[in-house]
1. Of the residues that make up segment 295-306, is at least one in contact with a strand residue (DSSP E or B) (Cβ under 6 Å, 6 or more places away or on another chain) and among the polar types (S, T, N, Q)?
2. Count, please, the residues in segment 272-310 that happen to be touching a residue at least 24 places away in the same chain (Cβ under 8 Å) and either closer than 30 Å to A416 by Cβ or of a type in the set (K, R) (or both).
3. Mind telling me which of the residues L84, L61 ends up being under 15 Å from N111 (Cα atoms), of a type in the set (A, V, I, L, M) and either crowded, with 24+ Cβ neighbours inside 10 Å or modelled with pLDDT of 95 or more (or both)?
4. Just one of the numbered conditions (1) in a helix (DSSP H, G or I); (2) surrounded by fewer than 18 Cβ atoms within 10 Å (Cβ to Cβ) is not true of I401; which one?
5. Within segment 108-124, track down each residue that is in a helix (DSSP H, G or I) and touching a strand residue (DSSP E or B) at 6+ places or on another chain (Cβ under 8 Å).
6. Of the residues in segment 327-371, how many are over 23 Å from the mean Cα position of the chain (by Cα) and basic (K, R)?
7. Which residue pairs have Cβ atoms closer than 7 Å, lie 6 or more positions apart in sequence or on different chains, and pair a first residue in segment 319-341 that is outside the structural domain of A373 (by TED's automatic domain parsing) with a second residue that is part of a helix (DSSP H, G or I)?
Amino acid sequence: MPSVPQSAALSRRLSRDNLRDLPRDARRPLYDWTAVTPGIVHLGVGAFHRAHQAIYVEDALEAGHLTWGIVAASLRSPDTRDALMPQDGLYTLAVRSAEGEQLRVIGAIRNVLVAPENPTALLAAMADRRTRIVMLTVTEKGYCHDPATGELNDSHTDIRHDLASPRAPRSAPGFLVEALRLRRAAGLQPFTTVTCDNLPANGQTVRRVVCRLANLLNRDLGDFVTNEVAFPSTMVDRIVPATTDTDRDAIARRLGLFDAWPVVTEPFTQWVIEDHFTAGRPRFEEFGAELVKDVAPYETMKLRLLNGSHSTLAYLGYLAGHETIADTMADEPFARLARNLMDQETGPTLSLPRGADVEAYKRSLIERFRNPALRHRTWQIAMDGSQKLPQRLLAAARERIAKGEPIPRIALGVAAWMRYVAGVDERGGPIDVRDPLAARLRALADGAGQNAARLSKALLGVREMFGEDLPLREEFAGPVTKALALLLDVGARETARLTA
């Protein structure tokens, strides 16, 4: 549960009863609150969902489409429930840019459930006949898959539990399968499953994971999921830093009310969705989303240009002592590296969507990365790198190597990750590495020591990330080891200057 800043602790708390007391420049829900019914269950009620998909739903509610309220669920912690439900599910969206801040109170979330406390309640919401869409933002690691292959990791602890106790699941795939079983048993149409996480071909990937789990449990159920359930792919884009107590305090001062968990974001937002819904959907296209036949070109453009650059900046910036991406971009060698990474390595691998202006997109990314009002911490972006880098950097590396093209900047991004997960920064201080493989990565690094060749070889042996191919390709292992040696010898800033 987030702490309450002292100055905000004396304020009344945001709720339905005091919406009329908000300042005139704060936008608020104007639709009939009592008429809203749930049509969407969302797994993973983090800041990104509340700054992205929930805003499109809020726009739909304001347009009169009142059967699409959200029942949100945390698969882990009660913190978001404990913050939002005492204020009727309301929270504040703060959109920040160099021009200032705009506040909007959001009412799309009607309830927040906590799966570990009551999995039956979440399953009941997913199996409710009014639920037509189940969305997910559970991060890459939440799908219990092998990032290198995209297949279900049958040995994952949560998957083993769900195979043994499918009626009380723990994992996101487990909840999807059991809810679909319940709907099938009740004669209800299956919901459409919409993942909004950064997975390659995310709808297809989640379809494989869920179908595999369903087949392991019951062949007939597996056939039902395979043949009847829609898994449209999506691409989502909005930068959403973690909310700080300073943010809460500043927003409370502007509102005159305390909001336990507002979200802070940038003006830019994008949602590209494959238009394959079997049980109906809001008219998201009326509120800025793009409904398309094929998401893949948009997804690849975002993963390689935005996410690949973001991760590279995060690892290098953290190592250089920069707290935020904006701070890192203010340091010219890193800004130049990010632009050249897009221009010369990741950008040329793209097959662009028709009409896409990739140069304008790259310019917008540089501007967004530089946004001084958005304090997106390098440490936050650096989390879960073992799950992220395969699609953000390694896929582009494979394509360039296959064409005989060099990868010095991609290799530096990978080497910076290696330097980071070793767990000691350039000043000798400990790094709080958050990753599903953190303990294993640290053990490999400790065994290799501060020797670039040994450290690179040890970490390239993590098959879940690098597969069987990349460690054997000198065109990959060589540049990564060279970049890692530079990082260990002269540090992140000088290595960026030399590589940019």
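The values are calculated or read from the model by the stated rules, or taken from the named source; none is laboratory data. Since this is a predicted model, take the numbers as computed values, not measurements. Using ideal geometry, Cβ is built from the backbone for each residue, glycine included, and neighbour counts are taken over all protein chains shown.
1. No, that holds for no residue.
2. Total satisfying the criteria: 19.
3. The match here is L84.
4. Of (1) in a helix (DSSP H, G or I); (2) surrounded by fewer than 18 Cβ atoms within 10 Å (Cβ to Cβ), only one is false for I401: (2).
5. A121, L122
6. So the count comes out to 2.
7. Between residues of segment 319-341 that are outside the structural domain of A373 (by TED's automatic domain parsing) and residues that are part of a helix (DSSP H, G or I), there is no close pair.
Table: residues versus (1) without any contact (Cβ under 8 Å) to a residue 12 or more places away in the chain; (2) outside the structural domain of A54 (by TED's automatic domain parsing); (3) of a type in the set (D, E, K, R).
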position	(1), (2), (3)
A179	no, no, no
Q189	no, no, no
A201	no, no, no
R219	yes, no, yes
E228	no, no, yes
R253	no, no, yes
D259	no, no, yes
